[in-house]
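Beneath this line is the structure, given in structure tokens, with notes to follow.
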Amino acid sequence: MINLLYKYFFLCLSMAFWDKHVETLPRDKLEELQAKRLRDTVARAKKSVFYGPRLKGVEPTVFKKPADIGSIPFTTKNDLRANYDYGLVCVPKDEIIRLHASSGTTGKATVIFHNRHDIDTWTELLARCIVMAGAGKGDVFQNMISYGLFTGGLGFHYGAERVGMLVIPSGIGNTKRQIQLMKDFHTTVYHATPSYALHVSEEMARDGFDPKEFDLRIGFVGAEPHSEQTRKRIEDIYDMDVYNSYGMSELNGPGVAFECEEKCGMHLWEDNYILEVIDPKTCEPLSPGEEGELVVTTINREAMPILRYRTGDLAKTLEGRCACGRTHVRISRIKGRCDDMMIIRGVNVYPSQIEDVLMSFPEVATTYQIHLLRDGSLDALIVKVELYPKMFDGDLAKLKKLEADIGKAISDEVVVKPRIEFLEPGTLPRAEGKAVRVVDKRCEM
Ligand code: DLL
């Protein structure tokens, strides 16, 4: 009976809205709001050291509709680095209440500042995302992602508290303790990178737990590229629904775009962002539905607005209205970053294409790595794959067949023939933050 009530309670939560009025705003009203916020943002941005000279002579009143944004120059990561530390800030310093930084490992960090308004609107965006995926008050939420300069921890934390979930701020790592917390406090919803979600399931299995025994019903995964097959894998392992979450620190962090219960693309919150998709080579705008680089403008941020930011992420917009009733544009799964693209023997290959193939083989465990080497004058693609222990039972013919099947499926997908190496589970290094999927040693050889 209690179980039935529990299910009924969550059924009532599903298809819920956090801010129905804004989430379902008719397109013309949404665009009106975007244009007004764009004008306000341009006026505000002019106060910063960086945008002041750039926007000299640009009158905010010229922006009658969101599409007029094309006359503003792009902003790049290099602009953010060159204007480290406060170069893009346009409020008095004593109004700033938070600093975050991007998780990139090369070059100077890019720092982002927020005032109270910014933290509050970001929190509201996360609240929308959480409720949109069917979670809310009554849920126990375990936030298994880095807190600190990285935006994933605090971003979700504030949103989850706003909707009234019981939040366990467990952060990343200490996997045994994560499992214990999950068990003792009956966690129903968690947040993790997809690679950490898989890692936790391996640790559960090692400790003799079946991931399905837990009370988990929803997982939010994001912060790194992952394929549809990986989502299915996590859903099957835990027997829960998994939703994709996209964002980047320059645009706040998580809460930029998120899947609804239809799991059919991620809604990008257009009352807070203006989205463009461009050809990364020519910088020309692409038509709806064409895949290209996402360019995003923040239109509801006060301390540090960013105009036409080149995210470096590749995706496309999805056509048509979503069955959930939300009017905000949907974007596809992120294919990768423009700079993730590997050119192997002249062929363009994204790691996500290889991951999609690997995860469709049930024998393949949760971790893989792509190595690129030089073989004479040619590139060599080596895919190191962990298999489940049951595959190492001495049946070599079975392994040979699997090797051939995976090799063929990968070369059908990406045209390049890979060499496959099988490994026992736990052999490849595990990253606590974002997983390292590609090791390119071609320049060292
Ligand atoms: O990863 C923010 C975040 C935290 C998003 C938690 C979702 C969940 P950064 O560290 O600045 O911020 O990294 C941003 O990560 O430009 C993408 O290349 C990649 N990325 C983020 N989410 C996804 C996703 C956070 N769902 C960079 N799918 C972005 C694919 C993603 N890539």
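The values are calculated or read from the model by the stated rules, or taken from the named source; none is laboratory data. Just so you know, these numbers come straight off a predicted model, no measurement behind them. For neighbour counting, all protein chains shown are included, and Cβ atoms are generated from backbone atoms with ideal geometry for every residue, glycine included. For accessibility, only protein heavy atoms count, side chains too; no ligands or nucleic acids. Shrake-Rupley method; radii C 1.70, N 1.55, O 1.52, S 1.80 Å.
Any idea which residue in segment 42-72 is least open to solvent (accessible area, probe 1.4 Å), counting only those that are closer than 18 Å to H114 by Cα and of a type in the set (V, I, T)? Write out each step before concluding.
The initial filter retains those residues of segment 42-72 that are closer than 18 Å to H114 by Cα, namely 42-51.
Next, from what is left, pick out any that are of a type in the set (V, I, T): 42, 49.
Numbers: V42: 0, V49: 110 Å².
Among those residues, the one meeting the criterion is V42.
So which helices (runs of 4 or more DSSP H) are wholly in segment 61-164 and hold at least 1 residues that are closer than 30 Å to T282 by Cα, within 16 Å of the ligand (Cβ to nearest atom) and not small (G, A, S)?
Working: elements: 77-82, 116-132, 151-163.
The qualifying helices (runs of 4 or more DSSP H) are 77-82.
Conditions first: (1) crowded, with 21+ Cβ neighbours inside 10 Å; (2) more than 30 Å from E23 (Cβ to Cβ); (3) of a type in the set (K, R). K281 passes all but one, so which condition is the exception?
(1)
Starting from segment 242-257, keep only residues that are farther than 22 Å from L99 by Cα and part of a strand (DSSP E or B), then list their pairs with residues that are within 7 Å of the ligand (Cβ to nearest atom) and open to solvent by less than 10 Å² (accessible area, probe 1.4 Å) whose Cβ atoms are within a distance under 7 Å, requiring at least 6 positions of separation or different chains.
These pairs meet every condition: N244/G222.
How many of the residues making up segment 375-407 are of a type in the set (D, E, K, R) and within 19 Å of P351 (Cβ to Cβ)? Quick ask: steps written out before the conclusion?
Narrowing segment 375-407 to residues of a type in the set (D, E, K, R): 375, 379, 384, 386, 390, 393, 395, 398, 400-401, 403, 405.
Among the residues that remain, those that are also within 19 Å of P351 (Cβ to Cβ) are: 379, 384, 386.
Matching residues across segment 375-407 total 3.
Can you say whether D236 is within 16 Å of the ligand (Cβ to nearest atom) and open to solvent by 10 Å² or more (accessible area, probe 1.4 Å), as far as the supplied structure shows?
Numbers: within 16 Å of the ligand (Cβ to nearest atom): no; open to solvent by 10 Å² or more (accessible area, probe 1.4 Å): yes.
So D236 fails the test.
Return yes when P211 is within 12 Å of the ligand (Cβ to nearest atom) and either of a type outside the set (A, V, I, L, M) or more than 22 Å from R98 (Cβ to Cβ) (or both) and no when it is not.
Numbers: within 12 Å of the ligand (Cβ to nearest atom): no; either of a type outside the set (A, V, I, L, M) or more than 22 Å from R98 (Cβ to Cβ) (or both): yes.
No.
Can you name the residue in segment 187-208 that is out of contact with any strand residue (DSSP E or B) (no Cβ under 6 Å at 6 or more places or on another chain) and in a loop (DSSP other than H, G, I, E, B) and, of all such residues, is nearest to the ligand (Cβ to nearest atom)?
Result: T193.
Kindly indicate which of D85, D94 is outside the structural domain of G253 (by TED's automatic domain parsing), surrounded by fewer than 13 Cβ atoms within 10 Å (Cβ to Cβ) and closer than 18 Å to N252 by Cα.
Just a single option satisfies the conditions, and that option is D85.
For segment 199-255, enumerate the residues that are under 19 Å from N174 (Cβ atoms) and among the basic types (K, R).
If the condition is that a residue be under 19 Å from N174 (Cβ atoms) and among the basic types (K, R), then R206 is the only one that fits.
Within segment 167-174, can one find any residue that is open to solvent by less than 20 Å² (accessible area, probe 1.4 Å) and either within 11 Å of the ligand (Cβ to nearest atom) or acidic (D, E) (or both)?
No, every residue in segment 167-174 fails to be open to solvent by less than 20 Å² (accessible area, probe 1.4 Å) and either within 11 Å of the ligand (Cβ to nearest atom) or acidic (D, E) (or both).
What number of residues in segment 284-341 are within 30 Å of D94 (Cβ to Cβ), within 16 Å of the ligand (Cβ to nearest atom) and assigned to a loop (DSSP other than H, G, I, E, B)?
In the first step, residues of segment 284-341 are kept if they are within 30 Å of D94 (Cβ to Cβ); the result is 296-309.
Checking which are within 16 Å of the ligand (Cβ to nearest atom) leaves us with 296-298, 301, 304, 306, 308-309.
After this cut, where a residue has to be assigned to a loop (DSSP other than H, G, I, E, B) as well, the list is 301, 304, 306, 308.
Qualifying residue count, segment 284-341: 4.
Look at K183 and say whether it is at pLDDT 95 or above, within 17 Å of the chain's Cα centre (by Cα) and not small (G, A, S). Working first, answer last.
Working: at pLDDT 95 or above: yes; within 17 Å of the chain's Cα centre (by Cα): no; not small (G, A, S): yes.
Here the answer is no, as K183 does not meet what is asked.
Within segment 243-258, is even one residue at pLDDT 95 or above, over 23 Å from D40 (Cα atoms) and charged (D, E, K, R)?
no
Within segment 214-233, track down each residue that is part of a strand (DSSP E or B) and within 9 Å of the ligand (Cβ to nearest atom).
First, the residues of segment 214-233 that are part of a strand (DSSP E or B): 218-222.
Correct list: F220, V221, G222.
For segment 405-440, enumerate the residues that are at pLDDT 90 or above, of a type in the set (K, R) and either within 16 Å of the ligand (Cβ to nearest atom) or part of a loop (DSSP other than H, G, I, E, B) (or both).
Passing the criteria: K417, R437.
So which of I72, I96, I112, I145 is under 25 Å from E31 (Cα atoms) and of a type in the set (A, V, I, L, M)? Working first, answer last.
Details: I96 fails: under 25 Å from E31 (Cα atoms); I112 fails: under 25 Å from E31 (Cα atoms); I145 fails: under 25 Å from E31 (Cα atoms).
None of the other options fit; the residue is I72.
So that you can scan it fast, the table gives a plain yes or no per residue for (1) assigned by TED's automatic domain parsing to the domain that holds M204; (2) free of Cβ contacts under 8 Å to residues at least 12 places away in the same chain; (3) within 15 Å of V438 (Cα to Cα):
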site: E363; (1), (2), (3): no, no, no
site: G376; (1), (2), (3): no, yes, no
site: D393; (1), (2), (3): no, yes, no
site: A404; (1), (2), (3): no, yes, no
site: E421; (1), (2), (3): no, no, yes
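Of all residues in segment 239-283, which are more than 16 Å from the ligand (Cβ to nearest atom) and in contact with a Cys (Cβ under 6 Å, 6 or more places away or on another chain)?
Our first condition is that a residue be more than 16 Å from the ligand (Cβ to nearest atom); within segment 239-283, this holds for 239-240, 261-262, 270-271, 274, 279, 281-283.
Scanning segment 239-283 gives a single hit, E262.
What is the residue count in segment 97-110 for residues that are modelled with pLDDT of 95 or more and open to solvent by 20 Å² or more (accessible area, probe 1.4 Å)?
Counting residues in segment 97-110 that are modelled with pLDDT of 95 or more and open to solvent by 20 Å² or more (accessible area, probe 1.4 Å) gives 3.
Do we have any residue at all in segment 73-81 that's of a type in the set (D, E, K, R) and surrounded by fewer than 19 Cβ atoms within 10 Å (Cβ to Cβ)?
Yes, there is a match, as at least one residue in segment 73-81 is of a type in the set (D, E, K, R) and surrounded by fewer than 19 Cβ atoms within 10 Å (Cβ to Cβ).
When D184 is evaluated against the numbered criteria (1) more than 16 Å from the ligand (Cβ to nearest atom); (2) open to solvent by 20 Å² or more (accessible area, probe 1.4 Å); (3) farther than 16 Å from N143 by Cα, which criterion, by number, is the only one it fails?
The failed condition is (3).
So is V383 open to solvent by 50 Å² or more (accessible area, probe 1.4 Å) and either of a type in the set (V, I, T) or not assigned by TED's automatic domain parsing to the domain that holds L358 (or both) or not? Even if it seems obvious, please write down each step before you answer.
Details: open to solvent by 50 Å² or more (accessible area, probe 1.4 Å): no; either of a type in the set (V, I, T) or not assigned by TED's automatic domain parsing to the domain that holds L358 (or both): yes.
Judged against the criteria, V383 is not a match.
Is it fair to say T366 is within 18 Å of P194 (Cβ to Cβ) and not in a helix (DSSP H, G or I)? Quick ask: steps written out before the conclusion?
Details: within 18 Å of P194 (Cβ to Cβ): yes; not in a helix (DSSP H, G or I): yes.
Answer is yes for this residue.
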